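The values are calculated or read from the model by the stated rules, or taken from the named source; none is laboratory data. Given the structure is predicted, the values throughout are model-derived calculations rather than measurements. Cβ coordinates were reconstructed from backbone atoms using ideal geometry, including for glycine residues, and neighbour counts include every protein chain displayed. Calculation scope for accessible area: heavy atoms of the full protein, side chains included, ligands and nucleic acids excluded. Shrake-Rupley method; radii C 1.70, N 1.55, O 1.52, S 1.80 Å.
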Amino acid sequence: NYSSHYEEDALAVNYFEEDEYPATKNERRRNRQTLISEVPGDCKTILDIGCGGAWVASHFLKRNKQVISMDISSTNPVKALKLLPHPNHAALVADAFHLPFADDSLDCIIASEVIEHLVDPALFLRSVLKTLKRGGCLLLMTPYNEKLVYHLCIHCNQLTPQNAHLHSFDEKKIRSIVPAENIKLKTIVFCNKYFLKLRIYNLLSFLPLRLWRLADKMANAIAYKPVSFVIKIIKTD
């Protein structure tokens, strides 16, 4: 019963209170900047699946986009709408496996740090993609090639994945679950693990995204250890 699980999760975790630890803050900022840079400039409506602290709405409402902050829990969408009241902002409580939208109706869908939590990511993609218009895009963000760690739960005595991550993704895994027809796929891997550990990205925090991405590519050319993954799926027909 994942619906009740995420209802309790939203009550237990304040997704609107973000970690201010410098390394985490910089990593999060670059992740979001990278995803944002892939959103088509001409899209009018963005559905934010798993809206969390509503950072998608916070960014795109200022750019005259219509944003639907959606979550399976009732807590986060309501908080998002209270925090960001705007004529172009709507809150929606819904299940991503059963979206309440007509087929071929949405310009852009963002699912940031969602797909790694889902039991059936392939079914999720099929459900979401059918609601996209022709030429519309789905943007996913997830850890790259993450090593899944399990702990023994003291309550149920079962192995439980850390951070509730059920899946790890790389280019091959994504291609294996994305529908083969009428789809254009782009993958972006970035954020070098060693640069993060050495706090080098803190020193480069002043750089614009384009130059930061160049430094990051150089780091991954030397030691290929990206930790972040953005997947852009465009519906071509």
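Just want to confirm a number: the relative contact order over the chain, from Cα pairs under 8 angstrom separated by 6+ residues, in percent.
Relative CO of the chain lands at 20 percent.
Using a/c under 1.5 as the rounded threshold, could you call the stretch 114-167 rounded, prolate or oblate? The axes a ≥ b ≥ c are square roots of the C-alpha gyration tensor eigenvalues, and prolate needs a/b larger than b/c, oblate otherwise.
Prolate, since a/c reaches 1.5 and a/b exceeds b/c.
Can you bin the stretch 1-91 into rounded, prolate or oblate? Criterion: square roots of the alpha carbon gyration tensor eigenvalues sorted a ≥ b ≥ c, rounded for a/c under 1.5, prolate for a/b above b/c, oblate for the rest.
oblate
Take the solvent-accessible surface of the protein heavy atoms, probe 1.4 Å, and return the percent of it on the chain that carbon and sulfur atoms account for.
55 percent
What FRET efficiency comes out for residue 33 versus residue 153 if R0 is 41 angstrom and r is the Cβ-Cβ distance? Round to the nearest 0.05.
Step by step, r from the Cβ atoms, then E = 0.70.
Would you compute, for the Cα atoms of the stretch 76-115, the largest minus smallest coordinate along each principal axis and list the three values in descending order, in whole Å?
On the principal axes, the stretch 76-115 reaches 29, 22, 15 Å in Cα extent.
Using a probe radius of 1.4 Å on heavy atoms only, what accessible surface per residue do you get for the stretch 74-197? Whole Å² is fine.
55 Å²
Sort all Cα-Cα distances of the chain into consecutive 10 angstrom bins from zero, then give the percent of pairs in each bin up to the one containing the longest distance.
Result, from short to long distances: 7, 30, 38, 22, 3, 0 percent.
Quick one: divide the alpha-carbon radius of gyration of the stretch 147-237 by 2.2 N^0.38 Å and tell me what you get.
1.42
Filter the chymotrypsin sites (Phe, Trp or Tyr not before Pro) in the stretch 1-59 down to the DSSP loop ones having no more than 16 other Cβ atoms within 10 Å, then list what survives.
Loop-located and lightly packed - 16.
Restrict the search to the stretch 1-85; then list the trypsin sites (Lys or Arg not before Pro) that DSSP places in a loop and that have at most 15 other Cβ atoms within 10 Å of their Cβ.
When the trypsin sites (Lys or Arg not before Pro) of the stretch 1-85 are filtered for loop state and at most 15 Cβ neighbours within 10 Å, 44 remain.
When we measure straight from the Cα of residue 235, which aspartates and glutamates land under 20 angstrom away, once same-chain ones fewer than 8 places off are left out?
Filter leaves 38, 42, 48, 103, 104, 107, 171, 181.
Return the Rg/Rh ratio of the stretch 54-195 with Cα-based radii and a Kirkwood Rh.
The Rg/Rh ratio comes out at 0.99.
Could you give the semi-axes, largest first, of the ellipsoid that matches the stretch 56-99, computed as the square roots of 5 times the alpha carbon gyration tensor eigenvalues and rounded to whole Å?
In descending order, the three semi-axes are 19, 12, 7 Å.
So which of 62/133; 25/193; 133/184; 147/184; 184/217; 65/133 end up more than 18 Å apart by C-alpha?
Pairs exceeding 18 Å: 62/133; 147/184; 184/217.
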